[in-house]
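Notes for the one structure printed next.
The values are calculated or read from the model by the stated rules, or taken from the named source; none is laboratory data. Keep in mind the model is a prediction, meaning the values are calculated, not measured. Every residue, glycine as well, gets a Cβ built from its backbone with ideal geometry; the counts of neighbours run over all protein chains shown. Accessible surface areas use protein heavy atoms only, side chains included; no ligands, DNA or RNA. Shrake-Rupley method; radii C 1.70, N 1.55, O 1.52, S 1.80 Å.
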Amino acid sequence: MNELTLIARATLHRDAVAFRAAKSTHSYQELLDRSADLATALLGEEDDLKEARVALLVPAGFEYVAAQWGIWRAGGIKLPICLSATESEWEYALTDSGVSVVMADAAMAAKIRPLCERLGVRVMDVSEIRSGSAKALPEIFPDRRAMILYTSGTTSKPKGVVTTHANIQAQIESLVEAWEWSAADRVPLFLPMHHIHGIINVTSCALWSGATIEPFERFDLNAILRRVRDDAYTLFMAVPTIYVKLIQALEAASTEDRAAIVGGFARMRLMVSGSAALPASVHEQWTALTGQKLLERYGMTEIGMGLSNPYHGERRPGAVGRPLPGVEVRLKAEDGGIVTDENVPGEIQVRGPGVFRDYWNRPEASAESFDGDWFRTGDMAVLETGYYRIMGRLSVDIIKSGGYKLSALEIEAALLEHPLIAECAVIGLSDETWGEAVTAVVVTKEHAPLELAGLRDWCKGRLSVYKVPQRLLVVNELPRNAMGKVTKPAVKSLFL
Ligand code: MLC
Ligand code: AMP
C-alpha cells in the first residue's frame, strides 16, 4: 500500500480501539475508513490536493484524526486552528497560509462560516459527509509538506511552522522509542489540538503504537480525575500548569477520594511534563503526593521534542535530561564558540530529521533561524553533571503562560488599539500556576484612569483568553535606555 507509514500502521491494529469516549468507541479500521471518506470528499473531482492548505476546526477525538488523515491522504497540508481563537486570529491564519477549505464540525462550521464567506473560503461540515464512497487516493511521498502550526515569537504576528511527513514521522519515532509506547497504552487527551504537544506527543505517538486515546473536549479536571481513579490510563502527558491544578485538587479532596485518585496516578507507567519549565518544587510535591517521578522533557513546535529525562534512570527535578533518539543538540556560547564544557551556558541549537522545513512564506525568518543546518531555538541552557538545564529565553518578548507561547509584541499591538492607552510594554511575570502571567505596563492618554477588569473586558473578543493581561500597572512613563528604547528588564524591575 502506498500510504504514509503512520496511516499504514493502522492496518496492524485494525480491530483495536483507537478512541474511547463516554458515548462511543472507534477502532483503527474505522479511522482508516472514515479518513478515506473524508479524503474523497475533499478531493471531489481532483486526484491530488497538491499541498492545498486545509484548516481543521474540529474538537479533539476520532473525527479530528479522521479529518487529519483525510487531508493527508488527499495530498493536502493540514492547518489546525484554535477552537477558541477570536475571529481576527482565525482570519490571520486562514489568509496568511492561503487556506482553500475549512473542515469543521457542525458547531464550529456555523461559527466560522460568516468569516469564510467574506474570505471566499469553502467550509466543509464533516458531519454532512457520509461513508462508503471512497475513491483511489494519491501516493504521498514523505518529503511532502504535511502541516502548518502557527507559533508566536519575536515578531508581532505568528509564523507558520511547516513540517513534512518525514519530519512528523521522525518526531513520533523518537518518542515511541524513548518512552516505550506500546499497544497496551491508554492515554487521556485534554490538550489543545493546534499544538504539537497534543498532536504529536499524545495523539500521533498513541496511534503509531496501536494504543487507545480517551479524548476530552477541554481540560475537564473532575472528569479526568474520575477516570484516573478507575485506572483508565497507563500514561499521562500534561503541561506544568495542569500538574499545579491537579495538586490543588488533590489537596482539596477528602482523605478517601485523595487516596483513590492517587492510587490511579501511582499505577501509571509514565507521567510526562513539558511545554514550559516544571518548577522543581512542583516535581517534588507530585512525587510526595503520588509516588510518581515526573519525566520532564523539552521541545518546540519547530523541532518536536529535543531533550528528555530518561524513561529508565534518574529523572532530575529542574533538568530536562539528554537529547532524544535522532536529535543532535549543541550549545552555542555568546562569543560564537561551541560550548564543550559543563556549567557553561549557551543557546540550544538542534539538528535532526524532526526539525521543521521552514516558516510558511517567510524565507528571511527561515534563513535567520538557522545557524548552518542547526536550528537556533532561542532558549539558553547549561549542561550539569550530564543533564541539560533550561535557563530561560534569549528574547524577553516571548511569554509562556499555561504552556502557550505568546508574543509580547502581538499583545502590545492589540493594547495600543485601546482608546485610553498611549504606550505599553507587555512582559511575563513569574506565576505559581501559569508559569508566567501576562502583565501590561501602560501609560494612559492624559493620565486617564484604567482598571484591570475594564481592560480585560475590552480584550475579550480581540485576544484569545490566555493572551488577556492578568496584571496591569499604570505608570507615568515607561523605562527607556539612552537611545530612547523601552527596556523590558527595567519594566520587569518595576515589580520587584
Ligand atoms: C486561562 N486563564 C488564564 C490563562 N488561561 N489565566 C491566566 N493565564 C492564562 N494563561 C483563565 C481564564 O481566563 C479563565 O478565567 C480560567 O483561567 C479558566 O480558563 P480555561 O481556558 O478554562 O482554563 P483551563 O481549561 O483550566 O486551561 C488551563 C490549561 C490550558 C493549562 C489546561 O491553558 C492548556 O490546555 N494549556 C496547554 C497549552 C499547550 O498545549 N501548549 C503546548 C504548546 S506546544 P475565568 O475568570 O473565566 O475563570 C509546545 C512544545 C512543547 O510548547 O514542548 O510541548
Ligand atoms: P512552542 O513554540 O509553543 O512550541 O514552545 C516551545 C518553547 O517552550 C521552547 O522554546 C521553550 O522555551 C519552552 N519549553 C518547552 N519545554 C520546556 C521545558 N521542559 N522547560 C522549559 N521550557 C520549555
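For D379, nonlocal amide neighbours, meaning residues 5 or more places apart or on other chains whose placed amide H falls under 5 Å from its own, are I348, L394. The HN-Hα couplings worked out from phi for segment 320-328 by the Karplus form 6.51 cos²θ - 1.76 cosθ + 1.60 (θ = phi - 60°) are 10, x, 10, x, 6, x, x, 10, 9 Hz, whole numbers, x standing for Gly and Pro. Computed 3J(HN,Hα) for segment 404-410, one whole-Hz value per residue from the Karplus formula 6.51 cos²θ - 1.76 cosθ + 1.60 where θ = phi - 60°, is 8, 8, 10, 9, 4, 5, 5, glycine and proline marked x.
For segment 354-496, the per residue solvent-accessible surface stands at 50 Å², with DNA, RNA and ligands left out and a 1.4 Å probe. Taking the average, over residues, of other Cβ atoms within 10 Å as the packing measure, peptides 293-306, 74-87 rank 293-306, 74-87 from highest down.
What does the charge add up to near E412, with Lys and Arg as +1, Asp and Glu as -1, over the other residues with Cβ less than 14 Å from its Cβ? Let's see the in-between values first.
Working: positive: K157, R462, K467, K485, K488; negative: D397, E410, E417, E423.
Combined, the nearby Lys, Arg, Asp and Glu give +1.
Of all DSSP beta bridges confined to the chain, the antiparallel ones make up roughly 65%.
Suppose only helical runs count, i.e. DSSP H with n ≥ 4. What mean residue ellipticity at 222 nm does that imply for the chain under -39500 (n - 2.57) per run, divided by all residues and rounded to the nearest 500 deg cm²/dmol? The helix-only estimate for the chain comes to -9000 deg cm²/dmol at 222 nm. Whole-Hz Karplus values for segment 186-191 come out as 9, 9, x, 10, 10, 8 Hz, taken residue by residue from phi with 6.51 cos²θ - 1.76 cosθ + 1.60 and θ = phi - 60°; glycine and proline positions read x.
The DSSP beta bridges internal to segment 391-491 are antiparallel in roughly 75% of cases.
With a ≥ b ≥ c taken as the square roots of the eigenvalues of the C-alpha gyration tensor of segment 20-125, please select rounded if a/c is under 1.5 and otherwise prolate if a/b is larger than b/c or oblate if it is not? The partial results should precede the final answer.
Values: a/c = 2.14, a/b = 1.27, b/c = 1.69.
Verdict is oblate for segment 20-125.
Shape call for the chain from the C-alpha gyration tensor, a ≥ b ≥ c root eigenvalues: rounded (a/c under 1.5), prolate (a/b greater than b/c) or oblate? Rounded is the answer for the chain, as its axis ratio a/c remains below 1.5. Sorting the segments 37-44, 342-349, 363-370 by their residues' average number of neighbouring beta-carbon atoms within 10 angstrom, most packed first, yields 37-44, 342-349, 363-370.
Based on protein heavy atoms only, segment 237-319 ends up with 35 Å² per residue of surface accessible to a 1.4 Å probe. Here segment 88-241 carries DSSP beta bridges of which approximately 45% are antiparallel, counting only pairs with both residues inside. Amide H contacts for M147 (H built 1.01 Å from N in the peptide plane; partners 5 or more residues away or on another chain; cut-off under 5 Å): K78, T163.
Amide hydrogen proximity for E214: with H placed 1.01 Å from N in the peptide plane, the residues at 5 or more positions away or on another chain lying under 5 Å are R20, V187, L189.
Arranged from highest to lowest average of other beta-carbon atoms within 10 Å per residue, in what order do the peptides 104-116, 61-73, 269-281 appear?
Values: 104-116: 16.5, 61-73: 25.3, 269-281: 19.9.
Those peptides, ordered most packed to least, come out 61-73, 269-281, 104-116.
For the cross-link pairs K332/K467; K78/K293; K332/K405; K50/K467; K78/K332, which exceed 29 Å when the distance is taken from alpha carbon to alpha carbon? Distance filter (> 29 Å) returns K332/K467; K78/K293; K50/K467; K78/K332. When the solvent-accessible area of the chain is split by element, carbon and sulfur atoms take up 50 percent of it, the probe being 1.4 Å.
Kindly report the accessible area of segment 11-56 per residue (heavy atoms of protein chains, probe 1.4 Å, no ligands, DNA or RNA), in Å².
Working: 2230 Å² over 46 residues.
Per residue, segment 11-56 has 48 Å² of solvent-accessible surface.
Sequence-distant contacts, meaning Cα pairs under 8 Å at least 6 residues apart, place the relative contact order of the chain at 12 percent.
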